[in-house]
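Step one of this worksheet: look at the structure below.
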Amino acid sequence: MKTTKLITVIISVTLFTACSSDDDSGNIIEIPQQIVSDKAENIAAPQTGGQGEPTGGEFTKFDFESGSVTTSNTEWDIAFRGTTIAINGGTATGTNDEPERNGNVSVAIVTGTFAEIAKAPAATEFYQDQNQVFAIPTGSGNGWYNYNFMTNTVSPIAGKVFVFRTRNNTYAKIEILSYYKDAPANPDGNIDEARFYTFNYSYNPNPEDTNLD
Amino acid sequence: MNYLIFISIVFCSNLYGQQRISTIKNDSLKAELLDEVIISATRTKRQLSSLPLPVTLIPKKQIIQSGTLRLNEIMNEQTGIISVSDESGFEGIQMQGISSDYILILLDGVPLVGRQSGNLDLSRISVGNIKQIEVIKGPSSSLFGSEALGGVINIITDTPDNSSLKGTISHRHGSLNTQDSNLNFSQVIKKLNYSLFTNRLSSDGYDLFPNTTGQTVEPYENYTLQANTRFNPNEKLSIQSSGRYFHQDQEVSFDNSDQMITGNNKINEWNLQLKADHKISSKLTTQYEFYHTNYLASEKTITSTDNSIFSQNKFDQTLLRPEVRTNYSFSAKNTLTSGIGWNVERLDRTTFDDPVSFDSQYAYLQYDFYPLDNVNIIAGARFDRHSEYQSQFSPKISVKYDITHKISIKTSTGFGFKAPDFRQLYFDFTNSVVGYTVLGYNVAIAKLKELEDLGQITNFEVDINQLQNPLKPESSIGFNLGVSYKTNKLSVDINYFRNEIENLIDTRVIARKNNGQNVFSYTNLNDIFTSGIEFNIQYKPLQNLQILAGYQLLYAKDRDVLKRLENGEVFARNSETLQTFRITKSEYFGLLNRSRHTLNIKAFYDIPSWNTNFNIRANYRSKYGLFNNTDGGNDILDIHDPFVKGYTLVNVSATKKFYNKYSLQLGANNMFDYKDAQNISNLIGRQFYGRIEITF
């Protein structure tokens, strides 16, 4: 039943989005009560350094409200650089070139399939970035991905869903699907271009409403 | 009454020991299956079929006829035993699904040292002077202590039995320019006997990836020298000494950031054993044994462009072990065996700050008795006290019940353990290219503080104070239950086994570094089990034909993974649709490098009128996972992950004797040329060889 419901939501939203984009209003979501479910594709997250060198480069920021990448220094929720994910909440971690935290975003890591996470967890499950520690832990097997040294491939850990309390005090969930350009089936870390995020997300635009389904 | 006769036959042969057995062995007219004597199972001579625990014996005849050169080859042809390479390419033996780390390898009853990432490479051992190989499956720490968690392999070398000077000289030439030469001689001079064995093996190696720099296996050359002497001043005393020396030289070459790195790798190994057997009375015998071994591996490589040193490594391990054993026979059937000993181990290694040493004392006791004529019980226990970890007590009990002459039931339950090794306690290694660090458990706190003082640590992942509790030894409980049926022509054994292993030591992240990399250290992490059924048949349908077949069904799983699966915490991603789904228990395949099915069939056929023997041996191993492929979205081996395909290797050989003195052997290994270069680096294609031997 849940899946049917979700599919209906996805279909209706997709249809709706398709229509609304014509009028160039800039605000995709017209009906605030509706939960938005969409897929963000090929979000480029370049990085400098790595391989033992200090990492650097600007983070690519994403805003749930608009459902898109943004260059705004205030209206963003999460940001990507390489395999690192920063959130707009908490304090600076100390890494080079990181964005200033001016929101109150926090994140909870929930185990399950994307569809079955219907509600945001309790407030105690949410964490923010802090000095030296990202709320979504970095490193293989720690946060959102595993690194396979035999195939040189970064693959999202299946069943890890990230629930965010956004800068607007609304809730959103994401599931990362791929780290490679155009989200190929069976990516090859030696061939496919990395640092391109594709993820499913659902966004509930009603503040303080923990429903995600 | 019948039972009595049976038992007394068994017992008599025991008394006559080796001599009597070898006369039976030489009697080629008998179409009967032999019943050899085995010593590792109880540390007394016992008839193979009388033992209440699962034991395999590989006789010299099979080793010679199979045309094998090194120990790993012949072991790989036994039921439930496979020679596997781990993900780093180190080779070792796996038995009942238990990896090489937990299998004790003995040479004439004393342990070999020098393991690479826990694997003891059996290709170090030439089979040229092996009399027989004894394999005890299941935990055997009650007699042998640490490392005998999964079982014991004891390599028994030849002892001279003839008063005239006897010797053999042989040479074998084969594919890959493999040259193997042996020179063996032995003599009994009144109260003194001696034997000398020399072996040289060299090979050009092989390359499965010709487009890359360096070969898969670089050319190598090795020498084995072994000398045994025995002096019997009187009927009651026998003094033995044996020394073995092994030396290997191997080239090294590889590419590092477009620079050619070359060098060589040397192994020097010494084993020295002194033993005195004293028959104090008809009931009491005592053995005094002193053993010293040193394994030294060193590697030096240089960058070819400027001849600067690229890397220099040393691994220098020493073991010193005195042991005293006594056997007391209360009556003909009841024997009490006891022993005390002392192990002093030392390891000096490039990745250690200072040489480290271990010190342990042990004592064991075993009572072997027949409460009824058809029931044999062996009960024993051993206590090990160690300088670096908690003391261990390892009991074991084995029972055999002869229902009829032909059918017996045997069962055994035993404890096993493996002490944390030097690497797990003292390692201090930082990868210069990637930047991660691996620390031994005992040095972790101090090293972390050093790194913290250098400002390299961003945060700790574990409570550092907890690292003060000592690391626990890995331990196991093994259970075996078997039925055997034996007639003159047919012997069938079925054995169920289950090994529960606790506190396996593995690495985990203990801290994060400011270069984004992790600091790893060892900890007691997993509980696993290996369980299955082993099936063995020996059949002599004709006087000159012997067929051996074996099968093992194996389930080897991680308890923590099973728990996660029960809680529904493990998922996978469909690689095409990127859809996530929950993994069920039945989709979990199990531990890496374990094949569900292994099968071997061997046929040996003699044509006495031609003085010729033919044999064909096939070994099958079903699919297995080689490394944790996380590409499917999780870190367990599930049925949706890629597997290394199952395969069969077929080996054949034929031996013909001329004029009783000369023998010619021709053979082919991996006859159907099976290769899987991506996954199996030790699988060479088809190889031919020819060997000539002269006896004098």
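The values are calculated or read from the model by the stated rules, or taken from the named source; none is laboratory data. The model shown is predicted, which means the values in this text are computed figures rather than measured ones. Cβ coordinates were reconstructed from backbone atoms using ideal geometry, including for glycine residues, and neighbour counts include every protein chain displayed.
For segment B:324-348, which positions are surrounded by 19 or more Cβ atoms within 10 Å (Cβ to Cβ) and more than 23 Å from the chain's Cα centre (by Cα)?
Residues satisfying the conditions are B:Arg325, B:Asn327, B:Thr335, B:Thr337, B:Gly339.
Can you report the number of residues in segment A:148-166 which are surrounded by 20 or more Cβ atoms within 10 Å (Cβ to Cβ) and within 11 Å of chain B (Cβ to nearest Cβ)?
Within segment A:148-166, residues that are surrounded by 20 or more Cβ atoms within 10 Å (Cβ to Cβ) and within 11 Å of chain B (Cβ to nearest Cβ) number 9.
Look through A:Asn200, A:Asn169 and report the one residue that is away from every other protein chain (no Cβ under 11 Å) and either in contact (Cβ under 8 Å) with a residue 12 or more places away in the chain or small (Gly, Ala, Ser) (or both).
The match here is A:Asn169.
At pLDDT 95 or above and of a type in the set (A, V, I, L, M, F, W, C): is that true of A:Val163 in this structure?
Yes.
If we keep just the residues of segment A:118-147 that are β-branched (Val, Ile, Thr) and within 11 Å of chain B (Cβ to nearest Cβ), which is surrounded by the most Cβ atoms within 10 Å (Cβ to Cβ)?
Among those residues, the one meeting the criterion is A:Thr138.
Is one or more of the residues making up segment B:202-212 in a strand (DSSP E or B) and free of Cβ contacts under 8 Å to residues at least 40 places away in the same chain?
Scanning segment B:202-212, I find at least one residue that is in a strand (DSSP E or B) and free of Cβ contacts under 8 Å to residues at least 40 places away in the same chain, so the answer is yes.
Considering only residues that are among the hydrophobic types (A, V, I, L, M, F, W, C), buried (at least 20 other Cβ atoms within 10 Å of the Cβ) and away from chain A (no Cβ under 13 Å), look in segment B:549-586 and name the one that is nearest to B:Asn619 (Cα to Cα).
Filtering segment B:549-586 for residues that are among the hydrophobic types (A, V, I, L, M, F, W, C), buried (at least 20 other Cβ atoms within 10 Å of the Cβ) and away from chain A (no Cβ under 13 Å), the one nearest to B:Asn619 (Cα to Cα) comes out as B:Leu554.
Could you list, in sequence order, all residues of segment B:526-547 that are crowded, with 20+ Cβ neighbours inside 10 Å and among the hydrophobic types (A, V, I, L, M, F, W, C)?
B:Ile528, B:Phe529
Can you name the condition, by its number, that B:Lys61 falls short on among (1) at pLDDT 80 or above; (2) charged (D, E, K, R); (3) outside any helix (DSSP H, G or I)?
(3)
Hey, can you tell me all the residues within segment A:151-180 that are part of a strand (DSSP E or B) and among the aliphatic types (A, V, I, L, M)?
A:Val154, A:Val161, A:Val163, A:Ala172, A:Ile174, A:Ile176, A:Leu177, listed by residue number.
If you take just the strands (runs of 3 or more DSSP E) that sit entirely in segment B:385-457, which of them hold at least 3 residues that are touching a residue at least 60 places away in the same chain (Cβ under 8 Å)?
B:392-402, B:407-418, B:437-439
Okay, residues lined up against (1) charged (D, E, K, R); (2) buried (at least 16 other Cβ atoms within 10 Å of the Cβ); (3) part of a strand (DSSP E or B):
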residue	(1), (2), (3)
B:Ile261	no, yes, yes
B:Tyr291	no, yes, yes
B:Ala297	no, yes, yes
B:Asn307	no, no, no
B:Asn313	no, no, yes
B:Pro322	no, no, yes
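Can you pull out every residue in segment A:93-128 that is free of Cβ contacts under 8 Å to residues at least 40 places away in the same chain and basic (Lys, Arg)?
A:Arg101
Each row is one residue, and each column tells you yes or no for (1) touching a residue at least 40 places away in the same chain (Cβ under 8 Å); (2) in contact with a Ser or Thr (Cβ under 8 Å, 6 or more places away or on another chain); (3) more than 26 Å from B:Thr79 (Cβ to Cβ).
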site	(1), (2), (3)
B:Asp558	yes, no, no
B:Val570	yes, no, yes
B:Glu587	yes, no, yes
B:Asn593	yes, yes, no
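Mind checking which residues of segment B:487-511 are of a type in the set (Asp, Glu) and modelled with pLDDT of 90 or more?
B:Asp493, B:Glu500, B:Glu502
Could you tell me which of the residues B:Ile505, B:Ile510, B:Ile477 is within 14 Å of chain A (Cβ to nearest Cβ) and in a strand (DSSP E or B)?
Answer to the selection: B:Ile510.
Among the residues of segment B:371-384, what is the count of those that are within 31 Å of the chain's Cα centre (by Cα) and either of a type in the set (D, E, K, R) or more than 12 Å from B:Gly339 (Cα to Cα) (or both)?
Qualifying residue count, segment B:371-384: 7.
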